[in-house]
């Protein structure tokens, strides 16, 4: 997305991917236009609300609520706060993803959709693990593990799976960030 090259030649866009395996992590380039958000960027987009009263300016859940979201089918009207979690959409072979914006009543202060449930989302954060290499931080829960991962206090990490640099899971994806329009 950064340099307009959908196939091939993408090693020098928002990230420089040349020799990234040896480095163990990839830093965002200063001129990046689209990127995987840092953990702090992801967290603020999901939970922050400057209009929230009290000591904390952060909601407990990424549905603009301190109360746990409802398990709701989109076809039920998905009134806020609601999210896709707890296998509510489980089909014959696993969870079913929902289209972006399915829970329009549960958007963040910044207008982001569906940061709770559907898929765990990679962040740009990693921390070193002396035995296995860098672990990647994911946030937001998914369609499968229940309500707890949606809470702002929960984070999950993935160590190298199948040998570095491969990280994978059946309920994990990513979100792209960009600068807000002026």
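Read the figures in this text as sums done on the coordinates, not as results from a lab. Everything quoted here is computed from the prediction, not taken from an experiment. Cβ atoms come from the backbone with ideal geometry, glycine included; neighbour counts cover every protein chain shown.
In this simple spin-label approximation, residue 16 and residue 179 carry label points 7 Å from Cα along the Cα→Cβ vector, and these lie 2.1 nm apart. Counting every other Cβ atom within 10 Å of each residue's Cβ, 136, 33 order from fewest to most as 33, 136.
Between residue 80 and residue 49, the simple spin-label model (points 7 angstrom out along Cα→Cβ) gives 0.7 nm. FRET efficiency for the pair residue 100 and residue 29, taken as 1/(1 + (r/R0)^6) with r the Cβ-Cβ distance and R0 = 25 Å, rounds to 0.45. Between residue 153 and residue 58, what is the spin-label point distance in nm, taking each point 7 Å from the Cα along the Cα→C-beta axis? So the label points at residue 153 and residue 58 sit 1.2 nm apart.
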